[in-house]
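> Provided herewith is a single structure, encoded as structure tokens, for subsequent inquiry.
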Amino acid sequence: MSFDQLTFDDPSKRYAHIRPQAQEQPFPGLDRDLDPQADHGEESYRGTGRLEGRKALITGGDSGIGAAVAIAFAREGADVVINYLEPEREDAERIGGLIESEGRRAILIAGDIRHRDFCRTLVAKAVDALGGLDILVNNAGHQEYHKDFTDITEEDLDRTFKTNLYAMVWLTQDALQLMGPGSTIINTTSVQAYKPSPIIVDYATSKAGINGFTKGLAMQLAEKGIRVNAVAPGPVWTPLQVTEGQPPEKLDGFGDNTALGRAGQPVEMAPAYVFLASPESSYVVGETINVNGGLPVP
Ligand code: NAD
Ligand code: MG
């Protein structure tokens, strides 16, 4: 959707009420193959210089919510490093191209954040390429449903917790060696932290962990002038949903349970990240912004 086409009166109609057909992709999936295509703000996000000169690392910045955040950050004036998994190269290159067309620098670094050593390498390469680092967006995540909780294997649990939690701790530890006052850390949590669905108990547990991590770390880092906050999306149309994030037959009604009655688009998440990254949110510390179409949470 282009900026001029957006309506400003009715949020329930601002984006289409999509009804995705049953579809599946092998993990980690591609935005390229989502049907319908998702909106990352390609045509509509307008920047106003709120992140001028900033240097950002975004995990999972190739697709979905991370891709929308990457586009928005670039249009707000930041240079951006995107981390992604090798099979997602095509998505990552597309977002890299959009960042560069804004006159900003895009650095694409593939690798698996479940590995301690790779997290160190990622931060070191990002700092090297950007000449510093002052925004870390811990956004990469893994979600895989199991109708029966007892089917979750040790390997499944390891993948979910390592991607969603361990990597967040490791990347934050590494980034903190180099971040100075004014830097910001933003973690992607989920409505699942408050309203766990029975078929993704392990994922919901990891997201509740992210909430605790965000609040506790925020209290520790405030005196260093570094703010830590989180964004908690509701149902958003991204590859995560079609790579065993949901049973395919459920996609048709995805987002119907929100007050707005529709799924969110990745672009609708981006302004919350921009706000938390920019100095405009200087008095916002240890907070979670819920962007969920109306699913009231504590
Ligand atoms: P997405 O599939 O577009 O993004 C997830 C990204 O995580 C992938 O692009 C991939 O690059 C990255 N990733 C996964 N495992 C990785 C690994 N081992 N190493 C490196 N990168 C890895 O889907 P999305 O929905 O945009 O997900 C982004 C974040 O939003 C996740 O943390 C997810 O839990 C969260 N979230 C999504 C929804 C939703 O409805 N889509 C709702 C709430 C929270
Ligand atoms: Mg992806």
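The values are calculated or read from the model by the stated rules, or taken from the named source; none is laboratory data. This structure is a prediction, so every number in the text was calculated from the model and none was measured. FYI the Cβ positions are ideal-geometry reconstructions off the backbone, even for glycines, and counts take in every protein chain you see. Side chains included, ligands, DNA and RNA excluded: accessible areas come from the protein's heavy atoms. Shrake-Rupley method; radii C 1.70, N 1.55, O 1.52, S 1.80 Å.
> Using a simple charge model, +1 on the beta-carbon of Lys and Arg, -1 on the beta-carbon of Asp and Glu, nothing else, what dipole does the stretch 49-291 show about its Cα centre, in debye to the nearest 20?
Value, rounded to 20: 780 debye.
> Mind checking Rg over Rh on the stretch 24-156, alpha carbons, Kirkwood formula for Rh?
Computed over Cα atoms, the ratio is 1.01.
> Calculate, in nm to one decimal, what TYR283 and ASP148 gain on full extension: separation in residues at 0.36 nm each, minus their alpha carbon distance.
44.3 nm
> Springs between alpha-carbon pairs under 10 angstrom, Gaussian network model over the chain: which of SER190, SER12, SER278 fluctuates most?
With Cα springs under 10 Å in the chain, the top fluctuation among SER190, SER12, SER278 is at SER12.
> Moving to a separate point now. Trypsin sites (Lys or Arg not before Pro), restricted to the stretch 1-88: which are DSSP loop and have at most 15 other Cβ atoms within 10 Å?
Values: sites: LYS13, ARG14, ARG32, ARG46, ARG50, ARG54, LYS55, ARG75; in loops: ARG46, ARG50, ARG54.
For trypsin sites (Lys or Arg not before Pro) across the stretch 1-88 that sit outside H, G, I, E and B with at most 15 neighbouring Cβ atoms in 10 Å, the list reads ARG46.
> Which aspartates and glutamates have a Cα less than 15 Å from the Cα of LYS215, not counting those fewer than 8 places away in the same chain?
GLU223, GLU287
> On to the next question. Can you give the local net charge around GLY294? Use residues other than it whose beta-carbon is closer than 15 angstrom to its beta-carbon, Lys and Arg +1, Asp and Glu -1.
+1
> For the chain, what does the helix formula give at 222 nm: sum of -39500 (n - 2.57) over DSSP H segments with n ≥ 4, over the residue count, nearest 500 deg cm²/dmol?
Here the helix-only value at 222 nm equals -9000 deg cm²/dmol.
> Just ALA56, ALA67, ALA126 to compare: in a GNM of the chain, with alpha carbon springs under 10 Å, which one fluctuates most?
ALA126
> Next question. Dividing the convex hull volume of the Cα atoms of the stretch 2-49 by its residue count, what figure in Å³ per residue is obtained?
Expressed per residue, the convex hull around the Cα atoms of the stretch 2-49 is 114 Å³.
> Please identify, among ASP202, ASP156, ASP79, the residue showing maximal mean-square fluctuation in a Gaussian network model of the chain using a 10 angstrom Cα cutoff.
Maximum fluctuation in the GNM of the chain, among the listed residues, is at ASP156.
> Another question about this same structure. Modelling each spin label as a point 7 Å along the Cα-to-Cβ direction, I'd like the ALA124/GLU52 distance in nm, to one decimal.
3.5 nm
> Quickly work out the GLU100-to-ALA16 label distance, labels modelled 7 Å from Cα along the C-beta direction, and quote it in nm with one decimal.
3.0 nm
> While we're looking at this one, here's another question. Quote the FRET efficiency, to the nearest 0.05, computed for ASP158 versus PHE27 with a Förster distance R0 of 22 Å and r equal to the Cβ-Cβ distance.
0.95
> When the Cα centres of the stretch 175-208 and the stretch 111-170 are compared, how far apart do they sit, in Å?
Their Cα centres are 11 Å away from one another.
> Beyond 19 Å, what share of the Cα-Cα pairs of the stretch 208-269 remains, rounded to the nearest whole percent?
Tail of P(r) above 19 Å: 50 percent of Cα pairs.
> Give me the accessible area of LEU260, 1.4 Å probe, in Å² rounded to the nearest 10.
60 Å²
> Still on this structure, I have one more. With no solvent and one equal point scatterer per Cα, compute the Debye intensity ratio I(q)/I(0) for the chain at 0.09, 0.16 Å⁻¹ and report its log10, rounded to two decimals.
Values returned for q = 0.09, 0.16 Å⁻¹ are -0.39, -1.38.
> Ok, one more. Find the centroid of the Cα atoms in the stretch 235-271 and in the stretch 54-87, then give the distance between the two in whole Å.
Each part's Cα centre sits 20 Å from the other's.
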